[in-house]
């Protein structure tokens, strides 16, 4: 017979945490590349990534865009 393990519902397993980290990392790399190219060319990249206009720098703006993206895929 299989053994049932009683875990609280709010405990995130290592696999789920690792997969979220990998998705975040890959998404951050792609969106950071897009925003950096937009910044270098002089195009208004914040409207492409649905980032708030008052984000302080490119890293914070990209992080906001990745969190927005990840909320849609969860």
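A compact table of results
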read-out	value
Residue match in the range 57-68 (condition: modelled with pLDDT under 90, surrounded by fewer than 10 Cβ atoms within 10 Å (Cβ to Cβ), in contact with a helix residue (DSSP H, G or I) (Cβ under 9 Å, 6 or more places away or on another chain) and in a loop (DSSP other than H, G, I, E, B))	no
Selection within the range 46-56 - surrounded by 10 or more Cβ atoms within 10 Å (Cβ to Cβ) and either touching a strand residue (DSSP E or B) at 6+ places or on another chain (Cβ under 7 Å) or without any contact (Cβ under 8 Å) to a residue 12 or more places away in the chain (or both)	47, 55
Of the criteria (1) under 14 Å from the mean Cα position of the chain (by Cα); (2) in a helix (DSSP H, G or I); (3) surrounded by 13 or more Cβ atoms within 10 Å (Cβ to Cβ), which one residue 18 fails	(3)
Pair list, Cβ < 8 Å and 6+ apart or interchain, from the range 12-23 residues that are modelled with pLDDT of 75 or more to residues that are assigned to a helix (DSSP H, G or I)	20/70; 23/70; 23/73
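The values are calculated or read from the model by the stated rules, or taken from the named source; none is laboratory data. As the structure is a computational prediction, the values presented were derived from the model and not from experiment. When we count neighbours, we look across all protein chains shown, and the Cβ atoms used for this are built from the backbone with ideal geometry, even at glycine.
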